[in-house]
1. In the range B:115-146, how many are assigned to a loop (DSSP other than H, G, I, E, B) and either without any contact (Cβ under 8 Å) to a residue 40 or more places away in the chain or among the small types (Gly, Ala, Ser) (or both)?
2. If you check B:Glu116, B:Glu112, which single one turns out to be surrounded by 12 or more Cβ atoms within 10 Å (Cβ to Cβ), under 30 Å from the mean Cα position of the chain (by Cα), farther than 20 Å from C:Arg159 by Cα and more than 10 Å from chain C (Cβ to nearest Cβ)?
3. Any residue at all in the range B:130-145 that's touching a helix residue (DSSP H, G or I) at 6+ places or on another chain (Cβ under 6 Å), buried (at least 18 other Cβ atoms within 10 Å of the Cβ), small (Gly, Ala, Ser) and at pLDDT below 90?
4. Mind checking whether some residue in the range B:248-270 is closer than 28 Å to B:Asp339 by Cα, touching a residue at least 24 places away in the same chain (Cβ under 8 Å), buried (at least 20 other Cβ atoms within 10 Å of the Cβ) and in contact with a helix residue (DSSP H, G or I) (Cβ under 6 Å, 6 or more places away or on another chain)?
5. For the range A:59-92, give me each residue that is touching an Asp or Glu at 6+ places or on another chain (Cβ under 8 Å) and within 13 Å of chain C (Cβ to nearest Cβ).
6. Restricting to the range C:1-19, name every residue that is away from chain A (no Cβ under 14 Å) and modelled with pLDDT of 85 or more.
7. What single numbered condition from (1) more than 19 Å from the chain's Cα centre (by Cα); (2) under 25 Å from A:Thr134 (Cβ atoms); (3) charged (D, E, K, R) fails to hold for A:Asp198?
8. What about C:Leu241, is it at pLDDT below 90, within 22 Å of the chain's Cα centre (by Cα), crowded, with 20+ Cβ neighbours inside 10 Å and not polar (S, T, N, Q)?
Amino acid sequence: MRKATRIVAITLALMAAACSSSNSRTTSPGGGTTKLTVFAASSLTGAFTQIGIDFEASNSGTTVDFNFGSSTDLAAQIASEGTADVFASASGKAMDAVQAKPGVTGRTDFATNQLVIVTPANDPGGVSSMQDLTKPDVKLVLAAVGVPVGDYARQALTNAGILDAATANVVSDEQDDASVLAKVASGEADAGIVYTSDVSTAASSGTHVRSVDIPAALNVTATYPIAVVTGATRSAAAQAFVAYVTGSSGQATLKTFGFGPPPAG
Amino acid sequence: MPLDVAVTVRRGTFAVDVAFSAQDGETVALLGPNGAGKSTVVEALAGLVPLEAGHVRLDGVSIDALPPERRPIGIAFQDALLFPHLSVLENVAFPLRARGTRADPARADALEILGELAPRVRTDTKPADLSGGERQRVALARALVTKPRLLLLDEPLAAVDVSGGPELRALLRQTLATFEGPRVLVTHDPVEATTLADRIVVLEDGRVTQTGTPSQIRAAPRTRYAADLVGVNLFVGSLRPGEAGAGDLDTADGTVTVPWPDGIRRNPIDDVIATLAAADIALHAERPEGSPRNVLHGPIEEIAILGDRARVRVRTSPLLVAEVTTGSVERLHLETGIDVWASFKAVEVHLVVPTAPPDTL
Amino acid sequence: MRRALPLPFTVLAILGAGFVVLPVVALVIRVPWGEARHALEGVGASTAFRLSLEVSLAATAISVVVGIPLAWTLARITFPGRSVLRAMVVLPVVLPPVVGGLGLLEALGRGGVVGRWLYSALGIQLTFTTAGAIVATTFVAMPLIVLATESGLRSIDLRYERAGAALGGSPWYVMRRVTLPMIAPQLAAGAVLTWARALGEFGATITFAGNLAGRTQTLPLAVYQARETDPGGAVLLSLILVALSLVVLIALRGRLAEAR
């Protein structure tokens, strides 16, 4: 009986140790590698991966781990788990949520993005303008309500006065811009609305889509804020990362990936 | 001839080559040890396996090209094989329904025959709730419900316990007596064959080794198996002159002293068959004194109790099967494994010298 | 007399049970019971529920009608390539569902190998439709009824089928009146498992059929979408799914693992 009790005690102790060791960032900084956790909107996937490589190259001893996803999703995760050091969002609303809980420091707008209509290369739906999105039988794919690019898209459609007509043509509510792009690139959807940066990314990865511009007057500018999350254990490295993104190298990379500069002032 | 069978069926490397016939009202038993090919013959008659060669003819018409459902055969299987999910009544009605009879007439016929063969069995019960004997009765009813031309019984008494046996055997005899067509009974039990069949076809290793009435086979068994069945020891070998008017029969597993046959010159003779009744062998705990010329010694391999008699198989040279009373078994403390002495007189051995033609039917 | 298992076994068993039960219990605890009705409306619960039933039952029906003959052929007929075909039929069980969805896109999408013919000749596009959701769900669920049927056919004593034939049954009659009834319990359990898998299907559906309320947004997809906008609603939707599945599994009462 005693031997069995010992086995149970050891098992429980091992499990407790395993649980605590996952919080590796609570181990002492300064000795060994610094691991930085960055949550970023999925539209930043290409640009930030490159920035991460460059940052690690110029800051040896630091590794950057990314978690890409829908900004709203990520904000909710940070609010409940609080595991990010840096948050880069595609919408001010999502950043507002994190600012409310658990709080942020050093919030800066670092890039902008605009919307563009994409269609498969052979344009099966005959979409060449925003108005064409209301044509009957056009299969339109948008990101879901609540996902930043989905909200922006619906805002642009409202600007054009065609929200209801276009909504009638929506065949799928996707979880992020990458999924919208995929549905269009595969030829299944006739049209989708994504960020202009997505089109650059697509081109560089060999995915063929055709873009249709949205008139500037109707377009929506998405402003991307970045900030250090309060409670980040690697605040020094986090601040350095934010500085890199807003600095010249980061900005240059973002530009190559199709992003616009942050709003002046 | 109502039933005329001459089939060759291949089972992998094993070929079964059997020919026999049966008259109306005649029961032919296919008797043989397990693995002899009896089930294969049943399957060939039923149409479940293709023939490599040969034919099956009923009333002169070939049925071997017909699928099972078109053959006018009723079959009762070993282990009854009543469908577990159907009631007794549905089981018996199955052959009729399978051939297109409508539900009500099929049920009526099934009830009628169940009333004759299994009156005490409740028709709405499932087979799992029946005893072995009851199941065989139902199986028999199922075999006969279509009023078939040929009746096939596959080891009908095999799955029945000791207490149910005699009653079922009586029922079978009665049923067979009233069935007008030819019947084929497949069994490994010589008692079953002897009590139910008019003629026995002995099957060993896929071949017919002997056919005849039960008494004919008893009188002159041609193989060791047949001899074992009827309680006779069979020796086959070469005969050479021995001492003082006797002969020595050299068999594959030992030598037996026999009387020299009358009127035959005292020269070595090949292919001699000799029989010795099991009952003519005496068993002893110690080497016996006295006149018997054949005294052998060896361990007991098997003891089979048959009523008040016992068949004792002893691994002597040659192998012997002795028949003694169960009293002797007790008195001598006979059991498998222990050594025992067996003796018999030379004159008890009956020789069949190869001038007589083989016994066939 | 029931003997207790050794203590370490019991401890591990308790841990395992706790691990499995905890998420469900947590869901129940976190449900916003107060605003339940409102939250359910917000996330389109009734539409998703109806659609889930429609899609899962249709997928189960197709799986049964197609899967049983397929299983029969695999179990009883030898032909070259049989073991390869059997492996491929079972593949969707081990494949990540999204991979299945991608495969379906390449095959049956508007630009797919077969899909392009469907589109150009018949004007049919399966993606973004309820029919497409049914196709995706059938793809992942059918292997379960095939496996159950094959297993049932193997467990049956062949002598009964031969007896049925010898007693006058044509192959079709024997199948109908002997074999099928004898494996009916296994078929039923297989159909229920198929339906349960169909009900929970997510990855292939969202990849092939997309996500639109009322057309392709089944309960699992609704949960996935709701968790961003309305976590309380997502929890409620999840509980509906859990309750549905539990009802069915309890009704089966352990017969899932029964061997015959």
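1. Adding up the residues that qualify gives 9.
2. Only one candidate passes the filter, namely B:Glu116.
3. Yes, the range B:130-145 contains at least one residue that is touching a helix residue (DSSP H, G or I) at 6+ places or on another chain (Cβ under 6 Å), buried (at least 18 other Cβ atoms within 10 Å of the Cβ), small (Gly, Ala, Ser) and at pLDDT below 90.
4. yes
5. Passing the criteria: A:Gly69, A:Ser70, A:Thr72, A:Asp73, A:Ala76, A:Ser91.
6. Residue satisfying the conditions is C:Ala17 alone.
7. The single condition A:Asp198 does not satisfy is (1).
8. yes
The values are calculated or read from the model by the stated rules, or taken from the named source; none is laboratory data. Given the structure is predicted, the values throughout are model-derived calculations rather than measurements. Because the Cβ atoms are built from the backbone with ideal geometry, glycine has one as well, and the counts that use them run over all protein chains shown.
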